[in-house]
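The values are calculated or read from the model by the stated rules, or taken from the named source; none is laboratory data. Just so we're clear, the structure is a prediction, and the values are computed from it rather than from any experiment. Here the Cβ is made from the backbone with ideal geometry for all residues, glycine too, and neighbour counts use every protein chain on show.
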């Protein structure tokens with residue numbers, strides 16, 4: 001296992017002044033993940049910190065979508081059951097009107 005320490009940079013733009021907010025982060029990576037990452041960033045000519053920031057950004061987007069999908073699925077199920085109940089009520093009313 002390889003341990004690397006990196007700093008996350010958050011760029012804030014305020015009236016032509018850039019403010020940097022940085023968070024230090026210590027990571028423990030599996031050796032194979034670290035080696036592969038080093039090969040890729042060398043080929044991309046990209047800083048390790050930038051690469052990790054972009055990877056986390058993509059992974060956060062993926063997980064936000066995954067969470068939204070789960071939430072929509074739950075809400076859809078709730079709506080489905082309520083719609084069935086209302087449909088049954090309408091069918092009872094329609095059946096009662098046909099009997100008249």
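Observations on the model:
- Residue within region 59-78 that is in contact with a strand residue (DSSP E or B) (Cβ under 7 Å, 6 or more places away or on another chain), closer than 30 Å to residue 38 by Cβ and either at pLDDT below 90 or assigned to a helix (DSSP H, G or I) (or both) present: no
- In region 28-49, the residues that are out of contact with any strand residue (DSSP E or B) (no Cβ under 9 Å at 6 or more places or on another chain), in a helix (DSSP H, G or I) and farther than 18 Å from residue 1 by Cα: 40, 41, 42, 43, 44
- Exactly one residue out of 37, 14, 2 is modelled with pLDDT under 85 and surrounded by 10 or more Cβ atoms within 10 Å (Cβ to Cβ): that is 2.
- Among residues of region 36-56 that are closer than 19 Å to residue 24 by Cβ, those with a Cβ under 6 angstrom from a residue that is at pLDDT below 95, sequence gap 6+ or separate chain, pair up as 49/6; 52/6.
- Residue that is over 21 Å from residue 1 (Cα atoms) and loosely packed, with under 10 Cβ neighbours inside 10 Å, where the choices are 98, 57: 98
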